[in-house]
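The values are calculated or read from the model by the stated rules, or taken from the named source; none is laboratory data. Everything numeric in this text was worked out from a predicted model, so none of it was measured. We place every Cβ from the backbone using ideal geometry, glycine too, and count neighbours over all the protein chains shown. We work out accessible area using only protein heavy atoms, side chains counted, and drop any ligands, DNA or RNA first. Shrake-Rupley method; radii C 1.70, N 1.55, O 1.52, S 1.80 Å.
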Amino acid sequence: MNSVNLPEDCARQWEILLLLLSSEEKKIDRTHESEIDTMSYFYNNKGVRKILLYWLQQMKDTYARKTCDTDTALKCDGVSLCWRQKGNEKFRANLVEESYKCYTNSVLYAKPNSLMYTLALANRSAALLRLKRFQECLSDVSLAIDSGYPAEQRHKLLLRRADCYIELQSKEARTALNSAIQYAGTLNMTVANKLEFERHIKILEKKLECVKRDVVKEEEVLLPDCYLGPNPDFVSASKSIELRYKESRGRHVVAVEPAGRGDVLFSEEPYAWVALPSDDAICEMCCDTDINPVPCSVCSRSVYCGCECASRAISFHRWECVGAQCSLFPTIGIAHLALRVLLISTNNGFPPSPVSLPQPCTAGELFRSYGLVDNIQIYKTGTDPFYRMFNLVTNFNKMDNTDYIQYALTATMLTLYLENFTSFFDYLPSKMPCSMSESQLKLFAAAVILRSMGQLVCNGHATLSLAVVEEDDGRNGKTITEKEVRRATAIYPSAAMMNHSCDPNIINTFYKSRLIVRCQRELPAGGEVFNCYGPHRARAPAAARRKALKAQYMFTCHCADCNDTERKDFVSLFSAYLCQSCKGPVWAHGVRPLCTQCRSALHLERAHTLLDRADDLAIQAEQVVSLEERCEKMAASYRLKQQVWHRHHASLRMAADRLARLYADTGDFGKSMELIKQNIQSLEYRFGSFSVEVAHELRKLSDVMLERILNSPQHLEYREWCLEAHKVVKKAIQLMELNYGSWEPLVSRLKQHECYLAATLAESRTPEAVDCVHHNLHYNLKI
């Protein structure tokens, strides 16, 4: 091992270290050992401990410091000042969004309650006011004042607070303005400053005169209830389903009452979760993504949506803070969530053993006792959630020995981290149900981490949400659109009871960290509730799906779609060529591919020639300046592809998508809509009429329809256009709510469009409504 050249970047050394160490240990098959036995060996292996401790120290020396003038893992007022100065330059140039990002970095790096911290907060509040993010501006103003913002400048923040309340049409506006005036009266301001203050007061007084009474407050998010109410025998589940056990199927979920599309079967907060590495800020306590970041008071790597979440997160972050500084968690992947499981369990306190144990007991005795509970009864309301977490399957006995050893090595490293870089093991004894020696406590913690890693591989969920992203469209500038992104990895013990099917009958939606599971289609009484663990019938052939499921979940899938020999070529349809005789699908397999319907031969050479010409035209289209000429060349490219590919070919549908956008850009909305409708038909055939893919395509169609309406208000078919657009928008809302939830901002914007169309059809259209909708369309239009 000494002869191996490791990368200089110690974070990149981790995977190599695991491979080297596991290769030396793989001679003994440990997959049938208990977690206690495995960790007893690795944690007490002096050679392994020495290597892992050295690596941990290298990670700390490399990353837990100031790495450059604009970044540090800890707090540094110099770095904070650098970012605040950058923010000031952007603000003066009226680049307010960019200034906000700079000020946020200044807040992250400033020492808590320091002058730099309060100045960064104050500057960020000014940017927030300009961005019309008034509630967040108020939060920053309050935090800056509470953190000791200079008294001689505080009247500026009080004016900003009053301005926010006025903009929010709040009853607090008058009180806030009077407070600013009273406070300014206590200051010994210069004549110039006093005149400037009075000028601002006059402006705000004039704005205050326009404050309306009885202003409707922003609606709170109302999460849907479980269908037929919560199930006392199945925590976080609906009364319409129950948990059962059968030897051949293990634990599984069955409907005891019929449920319809959209009915909520589970509404569950995770036992534990961790954010995935991302450039976007995410609250590490509640998983909120739309936040004005408040940092950890020690490190600059962890952020929260506010002081309340920051305070609650101390329960686990106090043990993770050094690891965050060392860039440990992005390096180790899902093992971070395994560590979080241990920390959450410790904070809650480990429950008593279900059987009587000697005092003091060993780690093995307590560990084994937690497996002696009834696997169904532990899901009753009021049962300690740790029992449910502990008794999720690990599949260690089916796992590759090398993988298992690497999990054990990772668990060893994390236990060494807790032992050597935190005071966790001073705290753990107070949270245990029985007394243990120090060595047994460490062994118990290591075994919990190892077990959790196996459970998370089999039972973990990726939490998804819609993110606003900015894409460069080349010559046409930038387009803002929504994309589905993975925000976090979480463990939901109740929802984990669903078995897999490649054609699931449920939809997973997320509100912050909460998982809400809905029926995707009608579910009869007695029918099993199926989730999809990843491989979907519409995305991969049966053989590929079975291979992927076997590799991660250690079972061979025998769901209806995997056993359906008549539809075994279903997915191949979306990469099929076009038969020139009957227009049916042809698969390019073998020496002489034949049409499956009329048995005509496919001329591959001709097909490839046409595709080459199509690609050349597409390249030429990207190079021309004229939008109309670009559209013509892209249309010619598309027509050639239509001659080669079957109408459901995924690449043909992508080409149609690009062409539809160009048509919309040139104002040819009719052709754009026709292409989108063709894509909708293809996606309905592939994924189903209520799928998320169809939902996004309907949203595109509604945007183009509305753009056409706004650009042609005097057209003879104007009312018919409005009727059709209203129908499409309503359908888009229905599908978006089903697949993402009513709380998503995109759903709110679609509802604004629906209101506008309804008002137009009722002949009560106002210029303000038109302006609002037109702005949102340009914001959302993405074909």
Find the relative contact order for region 75-126 and round it to a whole percent, using C-alpha pairs within less than 8 Å whose residues are 6+ positions apart. 42
Value of [θ]222 nm, deg cm²/dmol, for the chain, DSSP H segments ≥ 4, -39500 (n - 2.57) each, nearest 500: -17000 deg cm²/dmol
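Would you please name the GluC sites (Glu not before Pro) within region 207-304 that are DSSP coil residues with at most 13 other C-beta atoms within 10 Å of their C-beta?
E209, E218, E219, E220, E247
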Solvent exposure ordering (accessible area, 1.4 Å, most first) of T289, T509: T289, T509
Hey, how many Å between the Cα centroid of region 674-752 and the Cα centroid of region 299-370? 45
What does the charge dipole of the chain about its Cα centre add up to, to the nearest 20 debye, if the Cβ of each Lys and Arg holds +1 and the Cβ of each Asp and Glu holds -1? 300
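Expressed as a rounded percentage, what relative contact order does the chain have, with Cα pairs under 8 Å and six or more residues apart?
The normalised contact order for the chain reaches 11 percent.
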Check every DSSP H run in the chain and write down those whose alpha carbon atoms cover 27 angstrom or more along the long axis and whose mean Kyte-Doolittle hydropathy is -1.0 or greater. 401-421, 438-459, 604-623, 692-711, 718-740
Report the local net charge at V393: Lys and Arg +1, Asp and Glu -1, summed over other residues whose C-beta lies under 14 Å from its C-beta. +4
Ranked output for segments 694-703, 359-368, 588-597 by mean other Cβ atoms within 10 Å, highest leading, reads 694-703, 359-368, 588-597
Pick the calculated volume of the Cα convex hull per residue in Å³ for this structure from (1) 222; (2) 298; (3) 174? (1)
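Excluding C309 itself, calculate the net charge of residues whose Cβ lies under 10 Å from the Cβ of C309, where each Lys or Arg counts +1 and each Asp or Glu counts -1.
Numbers: positive: R312; negative: E284, D288, E308.
With Lys, Arg at +1 and Asp, Glu at -1, the net is -2.
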Dipole axis of region 585-724 (+1 Lys, Arg; -1 Asp, Glu on Cβ), positive-most option in W645, G670, N711: W645
Neighbourhood charge, 15 Å Cβ-Cβ cut-off, centred on D288 and excluding it, Lys, Arg +1 and Asp, Glu -1: -3
Across K132/K512; K483/K583; K671/K727; K239/K398, pairs whose alpha-carbon gap is larger than 29 Å: K483/K583; K239/K398
